[in-house]
1. Please go through segment B:12-68 and pick out each residue that is of a type in the set (Ser, Thr, Tyr), within 9 Å of another protein chain (Cβ to nearest Cβ) and over 24 Å from A:THR210 (Cα atoms).
2. Determine which single condition A:LEU158 fails, assuming it passes every other condition in (1) at pLDDT 90 or above; (2) more than 9 Å from chain B (Cβ to nearest Cβ); (3) surrounded by 15 or more Cβ atoms within 10 Å (Cβ to Cβ).
3. So which residues in segment A:42-76 are assigned to a loop (DSSP other than H, G, I, E, B) and within 14 Å of chain B (Cβ to nearest Cβ), if there are any at all?
4. Could you please give the count of residues in segment A:179-223 that are in contact with a helix residue (DSSP H, G or I) (Cβ under 9 Å, 6 or more places away or on another chain) and free of Cβ contacts under 8 Å to residues at least 12 places away in the same chain?
5. I'm checking my understanding of the structure. Among residues of segment A:47-68 that are touching a residue at least 60 places away in the same chain (Cβ under 8 Å) and surrounded by 16 or more Cβ atoms within 10 Å (Cβ to Cβ), which one is nearest to A:VAL126 (Cα to Cα)?
6. What tally of residues in segment B:11-50 results from selecting those that are part of a helix (DSSP H, G or I), surrounded by 22 or more Cβ atoms within 10 Å (Cβ to Cβ) and of a type in the set (A, V, I, L, M)?
7. Condition first: within 20 Å of A:LYS108 (Cβ to Cβ), touching a Lys or Arg at 6+ places or on another chain (Cβ under 9 Å) and not aliphatic (A, V, I, L, M). Now tell me which residues in segment A:47-64 satisfy that.
Amino acid sequence: MAVQLEFLKSILYFSDLGLAELESIRKLVFEKTADRAEMVLLEGESAANLYFVASGVVKVFKTSAEGKEQILSIVRPGESFNDVPIFDDGPNPASARTMGPVLLYGIKKNDMEAILRDHPKIALNVIKVLARRVRHLVSLVEDLSFRHVIGRVAKILLEHIGGEIGRGPRLTQQEMAAMAGTAREVVGRSLKALEEEGAIRFDRHRIIITDKEALKEIMEVSS
Amino acid sequence: MAEMPVIDPQNCDGCGLCVGVCHCNALAIVNNIITIIETVECDWCTDCEAVCLTGAISCPFEIILQKP
């Protein structure tokens with residue numbers, strides 16, 4: 001399937017370009033397909049390509065030495081990933097895995113450098129993309145470093161215990177994030193941490209508080 | 001009846017991202033609106049909720065205390 005010019009035009013990087021310029025860039029774009037749960041990038045490896053999601057969704061994440069995962073971003077159609085190492089010559093700062101079948105458009109690092117030289121007006125849009133990325137990551141750093149989200153998530157759980165199965169209030173992770181003043185990704189990590197502490201366990205659509213005292217303690221220590 | 005994610009058809013723009021990430025094929029686009037196909041294999045991974053930009057699909061958790 002040929003790379004669509006309309007799609008290239010919809011990508012912020014190339015939104016200011018005319019059809020002739022897009023046509024010249026299209027020749028440098030390659031397609032890559034991947035199935036669900038395929039690793040597209042590995043943290044620490046050298047960066048070869050810049051990717052744009054054409055269809056599907058990709059999860060960009062870091063993994064700790066203990067195997068804990070922190071989602072940095074969810075990349076949807078029209079958005080790019082692996083921008084940073086393409087421009088700073090470093091290794092991939094994070095891993096990327098598909099969340100379902102995906103179609104990616106890739107540009108090799110050397111080709112991207114040539115595109116920037118040949119079409120300098122792209123640079124302003126690249127700066128916009130990178131600036132948004134920095135803003136998002138600064139917000140995430142703030143949440144992870146300075147806010148004791150786990151304590152607030154513990155408090156939210158304690159405050160929303162239902163009396164009987166099927167009768168209690170129900171909360172999405174998005175709602176918990178809004179209540180805790182944080183991002184959904186951070187709530188997900190906090191819930192996993194609480195599960196590892198043995199304070200809760202998941203039973204499909206239920207969060208079962210297995211150790212209320214432990215949950216209270218986490219709430220008091222971390223709030 | 002298996003508990004399933006909740007759809008808000010008013011907010012669904014039919015983008016289909018949730019269908020692509022659903023590993024148990026519990027979701028389908030019907031007439032440009034996301035539709036749930038009931039299945040016991042839905043393990044409440046919440047990926048569909050995570051990828052939805054319009055808040056049209058949600059996976060609410062019930063919070064209960066384990067009986068002693």
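1. Start the filter on segment B:12-68 by keeping residues that are of a type in the set (Ser, Thr, Tyr), which leaves B:35, B:39, B:46, B:54, B:58.
Adding the requirement that they be within 9 Å of another protein chain (Cβ to nearest Cβ) leaves B:46, B:58.
Within segment B:12-68, B:SER58 is the sole residue that qualifies.
2. With respect to (1) at pLDDT 90 or above; (2) more than 9 Å from chain B (Cβ to nearest Cβ); (3) surrounded by 15 or more Cβ atoms within 10 Å (Cβ to Cβ), A:LEU158 is out only on (2).
3. Looking only at segment A:42-76, we keep the residues that are assigned to a loop (DSSP other than H, G, I, E, B), and these are A:42-45, A:47-48, A:56-57, A:64-68, A:76.
Within segment A:42-76, A:GLY56, A:VAL57, A:ARG76 meet the criteria.
4. Summing the residues that are in contact with a helix residue (DSSP H, G or I) (Cβ under 9 Å, 6 or more places away or on another chain) and free of Cβ contacts under 8 Å to residues at least 12 places away in the same chain in segment A:179-223 gives 4.
5. Step one: filter segment A:47-68 for residues touching a residue at least 60 places away in the same chain (Cβ under 8 Å), giving A:47-50, A:68.
Narrowing the set further to residues that are surrounded by 16 or more Cβ atoms within 10 Å (Cβ to Cβ) leaves A:47, A:49-50.
Numbers: A:ALA47: 17, A:ASN49: 15, A:LEU50: 12 Å.
Selected residue: A:LEU50.
6. Residues flagged as part of a helix (DSSP H, G or I), surrounded by 22 or more Cβ atoms within 10 Å (Cβ to Cβ) and of a type in the set (A, V, I, L, M) within segment B:11-50 amount to 3.
7. Here is the first cut: in segment A:47-64, the residues within 20 Å of A:LYS108 (Cβ to Cβ) are A:47-54, A:58, A:60.
Subsequent filtering for residues that are touching a Lys or Arg at 6+ places or on another chain (Cβ under 9 Å) retains A:47-51, A:53, A:58, A:60.
A:ASN49, A:TYR51, listed by residue number.
The rows are residues; the columns are (1) over 17 Å from the mean Cα position of the chain (by Cα); (2) of a type in the set (Ser, Thr, Tyr); (3) not assigned by TED's automatic domain parsing to the domain that holds A:LYS216.
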| position | (1), (2), (3) |
| --- | --- |
| A:VAL102 | no, no, yes |
| A:ASP118 | yes, no, yes |
| A:GLU159 | yes, no, no |
| A:GLN174 | no, no, no |
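The values are calculated or read from the model by the stated rules, or taken from the named source; none is laboratory data. Treat the numbers as computed from the prediction; the structure is a model and nothing was measured. With ideal geometry, Cβ positions are generated from the backbone for all residues, glycine too; neighbour counts draw on all protein chains shown.
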